Amino acid sequence: QKEVEQNSGPLSVPEGAIASLNCTYSDRGSQSFFWYRQYSGKSPELIMSIYSNGDKEDGRFTAQLNKASQYVSLLIRDSQPSDSATYLCAVPPKSNYKLTFGKGTLLTVNP
Amino acid sequence: DVKVTQSSRYLVKRTGEKVFLECVQDMDHENMFWYRQDPGLGLRLIYFSYDVKMKEKGDIPEGYSVSREKKERFSLILESASTNQTSMYLCASSLRAGPYEQYFGPGTRLTVT
């Protein structure tokens, strides 16, 4: 099993819709979870961190974590064309300061 | 604001040349990382460093070496560039203590001809 898996996409949503991005991870000991946004030709930018089960909201973004199911998701409400990017899920294995990245999900928001 | 800078945004080198990519961070982070990113392969870790003069191999170290003489600076060296090293190279840094979020530099697009 791959250590961090994301829905492969690409994902296309209309402007104003909710975009849902999903990620599963294999290491039950992982304690922190990150979402990065990467525009084409640019470097990854950290947009959300979550450490506890449940939801964490930041503006139009909501991260959801379920450690029992080893699942973390990112919801983008009122999606905008400027949200079009690749979204990377990243998880540090237990007791390890390296990050394991998923391959990313390409999101396109259509005007 | 975390600031990670890389020496070049675009670089073109010839096969066999020695190539230096430099990365500097201004947040006093202990950990620094070099990745390459290729379409369909995602981010792959080349080398990382958890302290000055300390380094560990990542997943794809072959053909690369690194140097960390000062805490803020981490260099990636391609001893003899080859065309299969054409890629986007990304530097990142993080604190030694958790939760380990990494901050990336702008990247260097290297083309080896």
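The values are calculated or read from the model by the stated rules, or taken from the named source; none is laboratory data. Being a predicted model, the structure only gives us computed values, none of them experimental. Heads up, the Cβs are rebuilt from the backbone with ideal geometry, glycines too, and the neighbour counts pull from every protein chain shown.
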Scanning the stretch B:52-70 for residues that are part of a loop (DSSP other than H, G, I, E, B) and at pLDDT below 95, the one farthest from B:Met27 (Cα to Cα) turns out to be B:Asp59
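How many residues are at positive phi and either part of a strand (DSSP E or B) or β-branched (Val, Ile, Thr) (or both) if we restrict to the stretch A:29-43?
The first filter runs over the stretch A:29-43 and keeps only residues at positive phi, leaving A:41.
Then drop every residue that is not either part of a strand (DSSP E or B) or β-branched (Val, Ile, Thr) (or both), which leaves none.
Within the stretch A:29-43, residues that are at positive phi and either part of a strand (DSSP E or B) or β-branched (Val, Ile, Thr) (or both) number 0.
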Residues in the stretch B:92-113 that are part of a strand (DSSP E or B), buried (at least 23 other Cβ atoms within 10 Å of the Cβ) and either at the interface with another protein chain (Cβ under 9 Å from one of its Cβ atoms) or at pLDDT below 95 (or both) total 3
### Message
Looking at the stretch A:82-91, can you tell me whether even one residue there is closer than 22 Å to B:Cys23 by Cβ, in a strand (DSSP E or B), small (Gly, Ala, Ser) and touching a residue at least 40 places away in the same chain (Cβ under 8 Å)?
### Response
yes
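Name the residues in the stretch A:45-78 that are more than 19 Å from A:Val109 (Cβ to Cβ) and outside any strand (DSSP E or B), would you?
A:Tyr51, A:Ser52, A:Asn53, A:Lys67, A:Ala68, A:Ser69, A:Gln70
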Matching residues in the stretch B:1-40 (closer than 23 Å to A:Leu88 by Cα and assigned to a strand (DSSP E or B)) number 13
Before we move on, is A:Gln31 farther than 30 Å from A:Pro111 by Cα and more than 10 Å from the chain's Cα centre (by Cα)? yes
